[in-house]
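The values are calculated or read from the model by the stated rules, or taken from the named source; none is laboratory data. Quick caveat: nothing in here was measured; it's all calculated off a predicted structure. Here the Cβ positions follow ideal geometry from the backbone for every residue, glycine too, while neighbour counts run over all protein chains shown. Accessible surface areas use protein heavy atoms only, side chains included; no ligands, DNA or RNA. Shrake-Rupley method; radii C 1.70, N 1.55, O 1.52, S 1.80 Å.
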Amino acid sequence: MDNLIKDTVTLELFCWLEPDSELPGWDILKGSPFGATLASPEGGGPTPGDQLISVQNYFAEYHLEYFRQRRYNHFPSRLHALLLFATRTDAMTFRSKHPQKIFGKNLACAKTKAAYICSFHDASWLDYLRLPHNLSLSALDEVAEYYWSGKTVEEVGLTFMNEPWQEPPVIEALYQGALEPVAGHAQSGWLPGFR
């Protein structure tokens, strides 16, 4: 599968936006892996668990970007692209896997306009990288190769703590280019099934 598109053909992509946000002006940093701030319990600082999650996220993103620069430099960087979902189903699967990340946001649909670059990847690889395990550098490179080449976690037999590790794929789109909103696709992220 060729998971990189450089074209002008119209695509529809999905994202979770804060209420009253408009396309294409959402904050790219909020869509980036490093833009979100840690939730502070009751106004205090981050908990040790929050700090560990932050370090795991940073490490996963760092290695993916480092590998991209070496082997997939023609792909959009996760740090400088909008992180969208390839389909409504992918966005909804992400919501079921990570409800805390989209709580209070609305599902929006956008379509591409003019020339763009877009690559498609299984975001479940990031879930795997964020597990509390100690992967060797060669194992990290193998995961990064799977991610950037467009393979899904379902295609590869993964294990965690000597048990099979299976997750549904969530295809994300790393997008660079202009977008315009598509009316009629809004859905709330507050509770499943509510609009």
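Brief remarks follow.
- Calculated FRET value between Asn73 and Ser96, using beta carbons and R₀ = 41 Å, to 0.05: 0.75
- Local net charge near Leu179, Cβ-Cβ under 13 Å (Lys/Arg +1, Asp/Glu -1): -1
- Distance in nm between pseudo-label sites at Glu18 and Asn134 (7 Å out along the Cβ direction from Cα): 4.0 nm
- Förster-model FRET efficiency, 25 Å R0, His80 and Lys6, C-beta, rounded to 0.05: 0.95
- Charge tally in the Cβ shell below 10 Å around Val170, where Lys, Arg are +1 and Asp, Glu are -1, Val170 excluded: -3
- J(HN,Hα) series, segment 125-132, from Karplus relation 6.51 cos²θ - 1.76 cosθ + 1.60, nearest Hz, glycine and proline x: 4, 5, 4, 5, 5, 7, 5, x
- As a ratio to 2.2 N^0.38 Å, the alpha-carbon radius of gyration computed for segment 93-165 takes the value 1.37.
- Measuring nothing but how far apart in sequence close Cα pairs (under 8 Å, 6+ apart) lie, relative to its length, segment 55-169 scores a relative contact order of 30 percent.
- Neighbourhood charge, 12 Å Cβ-Cβ cut-off, centred on Glu154 and excluding it, Lys, Arg +1 and Asp, Glu -1: -2
- Largest accessible area first, the residues His133, His98 order themselves as His133, His98 under a 1.4 Å probe with ligands, DNA and RNA left out.
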